Amino acid sequence: MLAMMVLPLPSFVLDLLFTFNIALALTVMMVSAQMVKPLDFAALPTVLLVTTLLRLSLNAYFAAIEGFRQAVRLDSTFAWAHRRLSVGLGNLGIRRAEQIAAAEAAYRLRDQLRPLEREVVEATYFSTLADRDRARATYQDLLQRFPGYFTALNNLGVRYGELREQDLAE
């Protein structure tokens with residue numbers, strides 16, 4: 001569940017997880033209603049904990065997006081908040097126009113960032129605008145300068161997948 005909050009998930013995976021969470025909640029409710037003795041469902045506390053954590057981790061995306069929107073409202077020159085807002089919206093597959101606007105704002109403001117952050121913003125911008133070749137090249141340059149940077153490594157693998165170069169994605 002921690003990985004869900006750190007790694008980008010496609011919107012269909014989030015939809016499946018929301019559906020699974022609702023189905024699991026209904027199953028727990030039906031099983032609880034059919035119990036004769038309390039010990040018949042001894043795993044109830046554990047199941048409730050897991051379902052609660054799943055729901056909280058799914059809701060974290062929406063809370064993060066709202067937090068980045070607020071950060072941008074407070075400081076419209078906060079390039080990294082623009083970038084994170086764009087990434088959050090893109091991970092959920094919602095509000096494409098707002099996602100593009102946030103990526104463009106981050107790209108315009110990139111000169112105020114440190115080199116690592118600047119290159120990540122550039123790669124995010126190219127990825128958001130579906131310029132896959134430039135995004136791939138930017139992530140490759142980023143990894144040359146900052147080897148082992150996980151975000152760039154992950155996103156470069158995604159770009160290779162989009163370009164149907166799965167052998168390079170590994």
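Within the set 31, 47, the sole residue that is in a helix (DSSP H, G or I), open to solvent by less than 50 Å² (accessible area, probe 1.4 Å), among the β-branched types (Val, Ile, Thr) and over 30 Å from residue 89 (Cβ atoms) turns out to be 47. In summary, residue 158 fulfils each of the numbered conditions (1) within 21 Å of residue 101 (Cα to Cα); (2) β-branched (Val, Ile, Thr); (3) under 17 Å from the mean Cα position of the chain (by Cα) with the single exception of condition (1).
Sub-6 Å Cβ pairs linking a first residue in the stretch 80-107 that is among the acidic types (Asp, Glu) to a second residue that is modelled with pLDDT under 95, at least 6 apart or interchain, are 98/89, ordered by first then second residue. State which residue is most open to solvent (accessible area, probe 1.4 Å) when the search covers only the stretch 80-99 and only residues that are among the hydrophobic types (A, V, I, L, M, F, W, C) and more than 17 Å from residue 152 (Cα to Cα). That would be 97. Scanning the stretch 125-146 for residues that are open to solvent by 30 Å² or more (accessible area, probe 1.4 Å) and of a type in the set (Gly, Ala, Ser) turns up 127, 130, 137. Once the stretch 100-111 is narrowed to residues that are open to solvent by 20 Å² or more (accessible area, probe 1.4 Å) and of a type outside the set (D, E, K, R), the residue that is farthest from residue 13 (Cα to Cα) is 109. Across the stretch 14-28, the number of residues qualifying as surrounded by 13 or more Cβ atoms within 10 Å (Cβ to Cβ) and among the small types (Gly, Ala, Ser) comes to 1. Here the stretch 147-160 is the region considered, the condition is being closer than 12 Å to residue 123 by Cβ and in contact with a helix residue (DSSP H, G or I) (Cβ under 7 Å, 6 or more places away or on another chain), and the residue that is most open to solvent (accessible area, probe 1.4 Å) is 153.
Residue count for the stretch 61-79 satisfying the condition of being open to solvent by 80 Å² or more (accessible area, probe 1.4 Å) and acidic (Asp, Glu): 1.
The values are calculated or read from the model by the stated rules, or taken from the named source; none is laboratory data. All values reported here derive from a predicted model rather than from experimental measurement. Virtual Cβ from ideal backbone geometry, glycine too; neighbours counted across all protein chains shown. Please note that ligands, DNA and RNA were not included when accessible areas were found on the heavy atoms of the full protein model with its side chains. Shrake-Rupley method; radii C 1.70, N 1.55, O 1.52, S 1.80 Å.
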